[in-house]
1. Answer yes or no: is there a residue in the range 291-299 that is more than 16 Å from the ligand (Cβ to nearest atom) and either in contact with a Lys or Arg (Cβ under 7 Å, 6 or more places away or on another chain) or at pLDDT 90 or above (or both).
2. Filter the range 306-326 down to the residues that are within 16 Å of the ligand (Cβ to nearest atom) and of a type outside the set (D, E, K, R) and list them by number.
3. Would you check if Ser171 is within 14 Å of the ligand (Cβ to nearest atom), under 23 Å from His291 (Cα atoms), of a type in the set (Gly, Ala, Ser) and at pLDDT below 95?
4. Could you please find all residues in the range 109-128 being part of a loop (DSSP other than H, G, I, E, B) and open to solvent by less than 40 Å² (accessible area, probe 1.4 Å)?
5. Could you list, in sequence order, all residues of the range 276-289 that are open to solvent by 10 Å² or more (accessible area, probe 1.4 Å) and either in contact with a Pro (Cβ under 8 Å, 6 or more places away or on another chain) or near the ligand (Cβ under 10 Å from one of its atoms) (or both)?
6. Which residue is least open to solvent (accessible area, probe 1.4 Å), if the candidates are limited to the range 151-167 and must be hydrophobic (A, V, I, L, M, F, W, C) and within 15 Å of Pro208 (Cβ to Cβ)?
7. Run Pro187 past the list (1) more than 16 Å from the ligand (Cβ to nearest atom); (2) farther than 21 Å from Val294 by Cα and report the number of the one that doesn't hold.
8. Give Glu214, Glu201 a once-over and let me know the one that is charged (D, E, K, R), within 20 Å of Ser152 (Cβ to Cβ), within 16 Å of the ligand (Cβ to nearest atom) and assigned by TED's automatic domain parsing to the domain that holds Gly123.
Amino acid sequence: MKEQIAKIKAEALSALEKAADSAALDELRVKYLGKKGELTAVLKQMGSLSAEERPKMGQLVNEVKASLEAAVEAQSKKLEAAALEHRLKKEALDVTVPGKVPVMGHKHPMYIALDEIKEIFIGMGFTVLDGPEIELGELNFDRLNAEPGHPSRDWSDTFYFDTDERVMLRSQTSPMQVRAMDSMELPIRIIAPGRVYRKDEVDATHSPMFHQVEGMVIDKNVTMADLKGTLNLLAEELFGKGTVTRFRPHHFPFTEPSCEMDVQCHKCGGVGCPTCKGEGWIELLGAGMIHPRVLEMAGIDPNEWSGWAFGMGLERTAMRRFKIADLRLIFENDVRFLEQF
Ligand code: DAH
């Protein structure tokens, strides 16, 4: 029996040492130490031993058991360490490999122009307002003195939501004048940039959705000279010192008198070229002195207060600012185009 035990021990120790993974190790543990294992089988034969030999043999079996258990434990630690080593090698991070440079975007040219405009007006004490693109016909037209039947109210120009023409996609940012008058304390100095909508086909200068920046001042003793001074400053800040402007008479329902402001063509200096379509001038915005009726409708006394307002197309301004020839480039988001700015 002693030899049998010694043989089991030698065999087991050598097998355990060679166990290549934890599954194999477990299999060996069961084979030698399990309930139906080889050592247990030996213990079961103890009945045939003499009373004197039995405890000695029992002790021997226990010693072998302990040493096999220790061997299992040792091998298990060894396998774990090897597995860890393997994982560390496999997952090693080579910090010397050059990194991937993320592609950084940047502001859209139209928003670069808008930020410049905002900065110019904020510098003069204006507040920037944001307003709804879904607007009441009342604010877009009536409160701006556009009478029923005014051509701008036509269904061929305007996106209405209902046949009563009560709700619409705003066709201009001018209703922000009314919203400002209704909600702010006098005096008022605001600009209000945002999207506007008109039923236009897309071409090099038109889009059914475009952006405007509205501006308005209401204070005491405000005159057309203030309007011209402020807008001339805007033109110089945007397009460079010495930019020449001109004011032409025009008509808008909500201003009296009304005008349009042109800037002299930066390309030809006023002589006439393809950029200005031979005109020498490029139209920039509509403006005027706020109509007394518009003030009255907002509950502001036109004998006490006066004001001026303007509305400029943002795409157009950006196109002039960055010498972009086609409006569609602003919306197409072709990165080859956008990367230039
Ligand atoms: N809302 C006008 C348009 O879309 C532009 C405009 C003209 C705005 C004169 C004004 C203004 O505030 O005073 O054509």
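1. Taking the range 291-299 first, the residues more than 16 Å from the ligand (Cβ to nearest atom) are 296, 299.
Subset that is either in contact with a Lys or Arg (Cβ under 7 Å, 6 or more places away or on another chain) or at pLDDT 90 or above (or both): 296, 299.
So far as the range 291-299 goes, yes, one or more of its residues are more than 16 Å from the ligand (Cβ to nearest atom) and either in contact with a Lys or Arg (Cβ under 7 Å, 6 or more places away or on another chain) or at pLDDT 90 or above (or both).
2. First pass over the range 306-326, keeping only residues within 16 Å of the ligand (Cβ to nearest atom): 306-317.
Ser306, Gly307, Trp308, Ala309, Phe310, Gly311, Met312, Gly313, Leu314, Thr317, listed by residue number.
3. Details: within 14 Å of the ligand (Cβ to nearest atom): yes; under 23 Å from His291 (Cα atoms): yes; of a type in the set (Gly, Ala, Ser): yes; at pLDDT below 95: no.
No; evaluated as a whole, the condition is false for this residue.
4. Residues of the range 109-128 that are part of a loop (DSSP other than H, G, I, E, B), as a first pass: 123-126.
Hit for the range 109-128 is Phe126, nothing else.
5. Those that are open to solvent by 10 Å² or more (accessible area, probe 1.4 Å) and either in contact with a Pro (Cβ under 8 Å, 6 or more places away or on another chain) or near the ligand (Cβ under 10 Å from one of its atoms) (or both): Gly286, Met289.
6. Kept after step one, since they are hydrophobic (A, V, I, L, M, F, W, C), are these residues of the range 151-167: 155, 159, 161, 167.
Going one step further and asking which of them are within 15 Å of Pro208 (Cβ to Cβ), we end up with 155, 159.
On the way: Trp155: 104, Phe159: 67 Å².
Among those that are hydrophobic (A, V, I, L, M, F, W, C) and within 15 Å of Pro208 (Cβ to Cβ), it is Phe159.
7. With respect to (1) more than 16 Å from the ligand (Cβ to nearest atom); (2) farther than 21 Å from Val294 by Cα, Pro187 is out only on (2).
8. Working: Glu201 fails: within 16 Å of the ligand (Cβ to nearest atom).
Only one candidate qualifies: Glu214.
The values are calculated or read from the model by the stated rules, or taken from the named source; none is laboratory data. Predicted model, so just to flag it, every value in this text is computed and none were measured. With ideal geometry, Cβ positions are generated from the backbone for all residues, glycine too; neighbour counts draw on all protein chains shown. Surface accessibility is based on the protein's heavy atoms, side chains included, excluding ligands, DNA and RNA. Shrake-Rupley method; radii C 1.70, N 1.55, O 1.52, S 1.80 Å.
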